1. Can residue 74 be described as crowded, with 16+ Cβ neighbours inside 10 Å and modelled with pLDDT of 95 or more?
2. Looking at the range 298-319, I want the residues that are free of Cβ contacts under 8 Å to residues at least 40 places away in the same chain and have a partner that is assigned to a helix (DSSP H, G or I) with Cβ atoms under 6 Å, at least 6 apart or on another chain. Which pairs are those?
3. Quickly run through the range 354-383 and pick out the residues that are assigned to a helix (DSSP H, G or I), over 13 Å from the mean Cα position of the chain (by Cα) and either among the polar types (S, T, N, Q) or within 16 Å of the ligand (Cβ to nearest atom) (or both).
4. For the range 140-178, name all the residues that are of a type outside the set (Ser, Thr, Tyr), in contact with a Leu (Cβ under 7 Å, 6 or more places away or on another chain) and under 19 Å from residue 82 (Cα atoms).
5. Sort through 272, 304 and tell me the only one that's over 20 Å from residue 450 (Cα atoms) and surrounded by fewer than 17 Cβ atoms within 10 Å (Cβ to Cβ).
6. Being farther than 25 Å from residue 14 by Cα and within 16 Å of the ligand (Cβ to nearest atom), is that true of even one residue in the range 318-328?
7. Out of the range 355-376, which residues are in contact with a Pro (Cβ under 8 Å, 6 or more places away or on another chain) and surrounded by fewer than 18 Cβ atoms within 10 Å (Cβ to Cβ)?
8. For residue 180, all conditions in the list (1) away from the ligand (no atom under 15 Å from the Cβ); (2) surrounded by fewer than 17 Cβ atoms within 10 Å (Cβ to Cβ); (3) polar (S, T, N, Q) hold save one; what is the number of the exception?
Amino acid sequence: MIPIKIKAGNRQGRISRNIYSHFSEHLGRCIYEGFWVGKDSPIPNTEGIRNDVVEALRKIKVPVLRWPGGCFADEYHWKDGVGPYEQRPRMINTHWGGVEENNHFGTHEFLRLCELLGAEPYISGNLGSGTVHEMQQWVEYMTFDGESPMANWRKENGRAAPWKLTYFGVGNENWGCGGNMRPQYYADEYKRYATYVRNYSDNQIYKIACGPNDSNYEWTDVLMREAGRHMNGLSLHYYTLPTGEWKDKGDATGFDEEAWFETLRRTLYMEELLTKHSAIMDKYDPERKVGLIVDEWGTWYNVEPGTNPGFLYQQNTLRDALVAGINLNLFHDHCERVQMANIAQIVNVLQAMILTEGERMVVTPTYHVFDLYQVFHDAELVPVEFDNPSYRFGDRKIGQLSVSSAIGTDGKLHLAVCNLSHSDGSELVFSPEGYDWTRASGRILTSDKLDAHNTFDAPETLKPSALEAPRSEDGSLRLSLPPASVAVLTLI
Ligand code: AHR
């Protein structure tokens, strides 16, 4: 029995709903098939965007959606993706599978998708192979309210009113696919491009600079020193690979207990990354005005057998649910610095919420975690104290539990608990201070199969079930958690 203390009176900061944001790239079947089927498709759609996917995503409330990449962003020329479809040039998507990109899904389609989802757009601009002028004109096209060459072109293309655009990324992974730059060089380029990312009319842009790849602390230091005053956010990318090797990352299903353990151990590395990058940012920005934007995170496995290696299509199991829960709990802990996070990617790519096959669609275990955790959108973080038991594998060990608690916008106290152990259950006992709770109830995602997942033929193999933590005679609440589980409780 593990006693835990929830200090409900001690609020420690707001967990931005934007931590629950998403990423969609022109990669594999994310945009085409995942969202865009075209207006003439037999798959029910609204102006070419499939209805079933939108409906499922509306249920988990997508705060912000990032687009068009990723690596694709620094090769994307936005003017190719507006105007009549038949006049839009075709290009080769060299990063992702070498397939043809017909540019049918462009600025208007993306911003319409955001409207349908009720999400705010986050656009990544092309710094790697585009010009300052091109970036300036894109922002003018989208946001200028009045007479101007770009605003007039937007109107000719069917959109009279400007869109509201808050989040704009000035390049992506410019240390790698976005131009292989040194941090000093990128910092100068960032400032040059960002100068022309203007606030037109009353639109206010939150500018996001390309940040480090996992533990590249030098990148963060140089960017904050040289350009910190010119940015609102700095990105961070970190993916969980079960083996840690890009050549053979490990499979999404059929893995053993060691791969389970290693995946979760490597996920917990996010804690060190957030702490160390935040400490560097604190040095230059002690008031924490610049947000750390974790705009790519999640699992990255070997692709599903028989699929295009450039499409990054992978299954999603109970293990991914744990990865999601652990990361979200860590983002909560660092909510004073982490202002947004975007899991990669929303449909059919990497750690997706949704998989599609023709007209069929299935929601993944990761989707269910985002659903369970909705109570944490804009909630106030409160501390939880407990002695975390060790979860051992061979000579390696990690904490068995990942826990987070917050007061929701509904005024209720919510508690998320992930039990990482593949073999051991856990029993928690708690008496929240200052509150007269009589019971805790919520939902849990678990299975006795570590790679339990949903398929098109069995779409409900893994889904949440009800969970109760009743009050015992001494007044405390008791919660039994099976191995390999993610639970979210509300204290009533
Ligand atoms: O999410 C897939 C790719 O991973 C993105 O395009 C890139 O930014 C990262 O390397």
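The values are calculated or read from the model by the stated rules, or taken from the named source; none is laboratory data. What you see is a predicted model; the values in this text were computed from it and never measured. Backbone-built Cβ (ideal geometry, glycine too); neighbour counts: all protein chains shown.
1. yes
2. Within 6 Å, the pairs are 303/309.
3. The one that is assigned to a helix (DSSP H, G or I), over 13 Å from the mean Cα position of the chain (by Cα) and either among the polar types (S, T, N, Q) or within 16 Å of the ligand (Cβ to nearest atom) (or both): 374.
4. Once the filter is applied, which keeps residues that are of a type outside the set (Ser, Thr, Tyr), in contact with a Leu (Cβ under 7 Å, 6 or more places away or on another chain) and under 19 Å from residue 82 (Cα atoms), the range 140-178 yields 142, 163.
5. 272
6. The answer is yes; a qualifying residue exists.
7. 359
8. Among (1) away from the ligand (no atom under 15 Å from the Cβ); (2) surrounded by fewer than 17 Cβ atoms within 10 Å (Cβ to Cβ); (3) polar (S, T, N, Q), residue 180 violates only (1).
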